[in-house]
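This report concerns only the one structure given below.
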Amino acid sequence: SSEALAPDAVHHSPTLPVFDAARLAAEVLKRRNWAIISHPDAGKTTLTEKLLLYGGAIQEAGDVKARRSARHATSDWMEIEKERGISISSTALTFPYDGFQMNLLDTPGHQDFSEDTYRTLAAADNAVMLVDGAKGLEPQTRKLFEVVRMRQLPIFTFVNKMDRPALEPLEIIDQLEREFGLKSYPVNWPIGSGDRFVGVYHRPTKRVHLFERAARSARARGGTRSTEYALDDPALAELVEADLWAQTREEIELIEELGEELDMARLGEELDMARVRSGQLTPMFFGSAMSNFGVQLFLETFIGLASPPGAHRTRDERAVEPASEHFSGLVFKLQANMDARHRDKVAFIRVCSGRFEKGMKVRVARTGRTVALARPQRMFAQERETVLDGVAGDVIGLNNPGAFAIGDTLHTGPPLAFPAIPCFSPELFAYLRCTPGQKKAFLKGLEGLLGEGAVQVLHSTDDFQTDPILAAVGALQFEVVQARMKSEYGVDTTLDPLPYSLARWAMGGWEGVASAGRLFNALAARDQWGRPVLLFRNEYALSSLAPEAAAALGELAPYALP
Ligand code: G4P
């Protein structure tokens, strides 16, 4: 399979207009692909809903939540998800806005499925960090930020819930700088907070936007309106309480100065987009998703600043341009059992280059097999619709009869493969044991789930421990494995938790492990590719490794590429 996929193997739908290179490039430039990262409860669902409302994809706020619960009620998802009322799925929502196609990658809210979120970020071009204005940075925000930084995605910050008593905006800016070394460029500045949150000052246009408090019903229809004023409009003195206005004027002066001190570039031609694109500088917004304050302003500015789909690097460091003639895509998520009646499995791909067409034949780089991409789907405001075509930046769900694994490259034209998606550092470990007599089905099930990337599996180097060790980021991942073992493979399993919470790949290899001698407080295991992983109880155990042992083991990496 080293030669190119023959052009005649590429299916061209007679009903689709033919794209020349220029048309393809123009389509790509209209795409804005992004994911929201946040700690649960920061307001991701609420913000998503408001954005869909602007895109006209839904009629009424509350629709997304209503559908989410309707989905549970009609029970087309796994039992666990129904019981807990949480969303395990992670797909993409598409909506049009102002001539652009917005592809919002939906990340699971529950932190036990953060591994899915991490992978979703492998398909994202931009990240929006949603922060609860009263709480500032929270644990899940921190973890996700690390992944975003590793992927070098541009980061936009939306400070939400400004209609409630909030931290001082400068305190949040300071947190970002102190903890992440991330500089902020406030694009808008809040005028007051809590009950006194009356509007924002939009720095690029030097305009003040005062919000009209709308009744809840009008708000739900996207009816919150704002009126614009010039910064020096005398009317503002009448409209905003005197002390608040004086304070805001002071703050605005301060951030302008601060900008110079921090060597912050200015927005537009002045904002240093290279630093935004490399994730060193974050454009920052303040608002309230619930009251619909500042959401549209955010969306409009975001569209202008966010990166359109760019080139992807292959494993051998070649750049694949999004508007190139050959199609390529990356499988970043697999999902099983979305519908219990159909037992369907869906593979989600992000289109990286060329044009995707329904029914086209592609090669799977890992296996060399040629597969026809039938039944492609896209989530449009959480309703599935069949897609006919797509370009770079789009996310498409494919029926997966077992042909695809996480991290697979699909392509037409000459062979190419994108780098693998890293395995994220597991924090929970347990032996998985099956009922005697079910070993064969157990191993088959394990292989299936492993192949899908549903869980990581390790093996103890202790010869007497032959049971596999499941390694996960969250406890619900274990439950999903057990539930699927039962429902799909008919195997009853038990979990035997292990007292470790940290995994580190020993880059010195097995030789290093051998010469490190006996390790106290750590379990040596091999991962599914046969590489040494050390499991530690906690940070303390890791830091108390004897210096000679640490030297022998080499770098201890928290992530490993397959
Ligand atoms: P998540 O998806 O990030 O977990 O958060 P979600 O949108 O579900 O919001 C969590 C809670 O925060 C919800 O309240 C929501 O209404 C509230 N919220 C979201 N944005 C804002 C905001 O801008 N201002 C204020 N004051 N609250 C906000 P809830 O009581 O859990 O649910 P609900 O009864 O309001 O639906």
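Overall shape of the range 115-158 was characterised from the C-alpha gyration tensor. The equivalent ellipsoid obtained from it has semi-axes of 18, 11, 8 Å, in decreasing order. Each residue in Arg363, Arg149 was given a count of other beta-carbon atoms within 10 angstrom of its own, and listing them fewest first yields Arg149, Arg363. Segment Glu447..Arg249, full-extension length gain: 65.0 nm, with 0.36 nm per residue of separation and the alpha-carbon distance subtracted. In a fully extended conformation the segment linking Thr227 and Ala514 would gain 96.3 nm over its present Cα-Cα distance, using 0.36 nm per residue. Modelled this way, with points 7 Å down the Cα-to-C-beta line, the labels at Lys361 and Asp41 are 5.5 nm from one another. Rounded to the nearest angstrom and listed largest first, the equivalent-ellipsoid semi-axes of the range 509-562 from its Cα gyration tensor are 17, 13, 10. The ranking of Cys434, Cys352, Cys423 by Cβ neighbour count inside 10 Å, starting from the fewest, reads Cys434, Cys423, Cys352.
Altogether, the Stokes-Einstein calculation at 4 °C and 1.567 mPa s, with the Kirkwood radius of the range 127-221 over Cα pairs as Rh, returns a diffusion coefficient of 89 µm²/s. Using R0 = 41 Å, the C-beta based FRET efficiency linking Ala242 and Met273 works out to 0.60.
In terms of surrounding Cβ atoms within a 10 Å radius of their Cβ, Ile469, Ile349 rank from fewest to most as Ile469, Ile349. The largest-to-smallest principal axis extents of the Cα set in the range 426-562 are 48, 25, 25 Å. Among Ser324, Asn292, Gly310, flag the residue with its Cα farthest along the positive direction of the charge dipole of the range 282-335, charges on Cβ as +1 for Lys/Arg and -1 for Asp/Glu. After comparing all options, I get Asn292.
Read the figures in this text as sums done on the coordinates, not as results from a lab. Just so we're clear, the structure is a prediction, and the values are computed from it rather than from any experiment. Quick reminder, even Gly has a Cβ in these numbers, built from the backbone with ideal geometry, and neighbours come from all protein chains shown.
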